[in-house]
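These notes are about the structure you will find just below.
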Amino acid sequence: MTARDIVEKYIAFFEKKGHRRIPNAPLVPQNDPTTLFTSSGMQPLVPYLLGEEHPMGKKLVNVQNCFRAQDIDEVGDNRHTTFFRMLGNWSLGAYFKEEQLHFFWEFLTKELGLSKERLYVSIFNGYKGVPKDVGSHKVWKDLGLQEDHIFFYGADKNWWSRAGTPEQMPIGEIGGPDSEVFYDFGVLLHDLRYGKEKECDPNCDCGRFLEIGNSVFMQYQKQEDGSLKELSQRNVDFGGGVERLIAATEDQQDIFQTDLFGSMAQTIELLTNKKYEGNKKEMRIITDHFIASVFIISQGIIPSNKEQGYILRRLIRRGLDHFDKLGGADLTPILEKIVEQYKDTDKVLTDKFEEIKNTILEEQQRYNQTLQTAKHFIFKKYSPRGEAGKVGDELKGVTEISADDAFILYTTHGLSPTQIKSLGFVFNNQEFAEKMKAHQNISRAGAKKKFAGGLADHSEKTIMGHTATHLLHQALRDVLGNHVFQTGSNITSERIRFDFNYEKALTPDEIKKVENIVNEKILENLPVHFEMLPLKKAKEIGAIGLFDGKYEEKVKIYFIGPSTSSGRPYSAEFCGGPHVSFTSEIKSFRIIKQENIGKGVRRIYSKVGE
Ligand code: SER
């Protein structure tokens, strides 16, 4: 059964039961500043679950494109993806548990023809004030489920809200107990992994069971005093992943080998000359990350260092790391295959194919540039001639680098330890971890002497130049657009050298504008300060700079200017410091030269304090 067959069957089934189809909401929500992506079908329906009247009535159905960034590290097993399509049906205070569980059971067993013996269910076991869901238990029994196919779990497994368990729900958030259905592929995976001595149940992560649908009884709202209050109506919010339902209908325990994804793996096999068997994890990551990237770009997002653009950059670069590891180079056939697979349901991918392809290929170039710059740095240090030359050839001998240099690649080039290793460099992991720890401690203590980054020294003039680069970075974004970001910098007491991604030469007018903005900010005498922020928070406020979320829970963000009404000062940038205390200390700023250094990267030279 193809994805299209399943979607059509599901929609037709619920339309027959009196539901009206609502459109697929944009993957990047348009009027919701609290969230970066649509991650479930219910997200656009929150006001209606709270009681507002929906123009299409009380029974709704749809298929929704979803992206879950929080699952990025799970991708690689037999079932997780970041992008997926969710079938959804809702009752806005119309029907409740009994009808919902009957509907879904009928859909699974009659429409999809799944064997009842392969289906298991889980039910909410009760939690503070919210009773055990005996109602669902009765319905499942009436539908003929054996007791040994029914499992009760607590709020960590059988409670659904966008935030997680009742404790994790913010005030005003809605949620409720849920009942999930699992498909059983047999015991093989479990026995191979854990042996027969360990028990297996539907929530075991061995891969034997696959969750294929979740009926949430959306009934509660979190109150200020921490309690849960019943909503004015009892809702049903059902969600089921198309990709997983296909796996169940095919009895294929690896969703990356189903009709939907199988041909992607074959394309990757051809491009890399490697077999899926033995390279599953990499091929699954490549498949998922490029599908997600294609859909995100189709929504007008481009790679950057903030918000959706940052997630997109991470997906593309992570996908590239794995593709590269398998020896792949040309991405285009993968992108073409994705569009071919999804074009029936998402025509926008065909319409925007050139834009999508170019965005990914440009990011590939930019990433290569970063990697090249990093290699040059190592080459200069380790080559006997001590200068950059035929990098590729001369680097062959260099494999072991110092933890210090690995750390510089991390802090100044934004490369994670994994990426550094994928360049062929090995270093002492423990020393690196110690450096990371020390770096965090220094930052936390707010000590004045910091890792110098792109600073030649800590002289007064260099520090003035350093703060000026933050102003310059933001001013370039003001004038040229938010897709512009710093790719490198080098600051001496003589001059500032600043590199950034931009395709064209700046016009004299643009240069003037940038200069003027920086000088205005100097005249305004804005205060400069830093805060240690959780990485998530730093991204939320739109802090710029190269940082990879994995290695620091807290990052140091330098702010220039007081907080504005939008909550963000003029500049917010990830940085180790040091900086001047007030912008007037910079005195003046002048751009003296611009250069094209290739691959879409431009270089500006400027001076301060003249
Ligand atoms: N909201 C629930 C989920 O995302 C069911 O639709 O799983």
**Prompt:** For 152, 295, what's the fewest-to-most ordering of other Cβ within 10 Å of each Cβ?
**Reply:** 152, 295
**Asked** Could you give the angle, 0 to 90 degrees to the nearest 10, between helix 262-272's Cα long axis and the longest principal axis of the Cα atoms of the chain?
**Response** 30
**Message:** Please compute the modelled spin-label separation between residue 199 and residue 431, points set 7 Å along Cα→Cβ, answer in nm with one decimal.
**Reply:** 5.0
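List 537, 280, 110, 375 from most exposed to least, where exposure is judged by having the fewest other Cβ atoms within 10 Å. Please report the intermediate quantities before stating the final value.
On the way: 537 13, 280 17, 110 10, 375 20.
Least crowded to most crowded, the residues run 110, 537, 280, 375.
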**Message:** Whole percent per 10 Å bin, from 0 to the bin with the longest distance: what is P(r) over all C-alpha pairs of region 148-289?
**Reply:** 11, 29, 28, 21, 9, 2
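Divide by every residue of the chain the summed helix terms, -39500 (n - 2.57) for each DSSP H run of at least 4, and state the resulting mean residue ellipticity at 222 nm, rounded to the nearest 500 deg cm²/dmol. Write down the numbers at each step before the final one.
Details: 20 runs with 231 residues, N = 610.
So the helix-based figure for the chain works out to -11500 deg cm²/dmol.
Assign unit charges at the C-beta atoms only (+1 for Lys and Arg, -1 for Asp and Glu), then state the dipole size of the chain relative to its Cα centre in Debye, rounded to the nearest 20.
On the way: 81 positive and 85 negative charges, 319 e Å.
It works out to roughly 1540 debye.
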**Request:** Run the numbers on the chain and let me know its relative contact order in percent, using alpha-carbon pairs under 8 Å that are six or more apart.
**Result:** 10
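For the peptides 283-292, 481-490, 525-534, what is the packing order when you average, over each peptide's residues, the other Cβ atoms within 10 Å and list the highest mean first?
Numbers: 283-292: 26.4, 481-490: 18.4, 525-534: 16.0.
For the peptides 283-292, 481-490, 525-534, the packing ranking is 283-292, 481-490, 525-534.
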**Fill in**
Between the modelled labels at residue 71 and residue 510 (7 Å from Cα along Cα→Cβ) the distance in nm is 4.0
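Where does each of 233-245, 506-518 land if you order them by average Cβ count within 10 Å, highest first? Present the calculation step by step, with values, prior to reporting the outcome.
On the way: 233-245: 22.8, 506-518: 15.8.
Those peptides, ordered most packed to least, come out 233-245, 506-518.
To one decimal place, what Kirkwood hydrodynamic radius in Å is obtained for the chain from all pairs of distinct Cα atoms? Before the final figure, lay out each step's value.
Working: mean 1/r = 0.0372 Å⁻¹.
Radius from the Kirkwood sum: 26.9 Å.
Based on other C-beta atoms within 10 Å, arrange 179, 161 from fewest to most.
Values: 179 26, 161 22.
Arranged by neighbour count, lowest to highest, 179, 161 become 161, 179.
Could you compute Rg(Cα) / (2.2 N^0.38 Å) for region 461-610, with N its residue count? Don't skip to the answer; put the middle values down first.
Numbers: Rg = 14.7 Å, N = 150, 2.2 N^0.38 = 14.8 Å.
Its radius of gyration relative to the 2.2 N^0.38 Å reference: 0.99.
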**Message:** Between 0 and 90 degrees, rounded to the nearest ten: what's the tilt of helix 508-523 against the longest Cα principal axis of the chain?
**Reply:** 90
**Prompt:** Beyond 22 Å, what share of the Cα-Cα pairs of region 466-546 remains, rounded to the nearest whole percent?
**Reply:** 30
**Message:** If you filter region 258-324 for GluC sites (Glu not before Pro), then keep DSSP loop positions with at most 15 other Cβ within 10 Å, what is left?
**Reply:** 277
**Asked** Dipole of the chain (Lys/Arg Cβ +1, Asp/Glu Cβ -1, origin at the Cα centre): which of 215, 266, 516 lies farthest to the positive side?
**Response** 516
**Message:** What three numbers, in Å, describe the spread of the alpha carbons of region 145-207 along their principal axes, ordered from the longest?
**Reply:** 45, 26, 17
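Readers should treat all values here as calculations from the given coordinates under stated rules, not as data from a laboratory. It should be emphasised that the depicted structure is a prediction, and the values quoted were computed from it without experimental measurement. With ideal geometry, Cβ positions are generated from the backbone for all residues, glycine too; neighbour counts draw on all protein chains shown.
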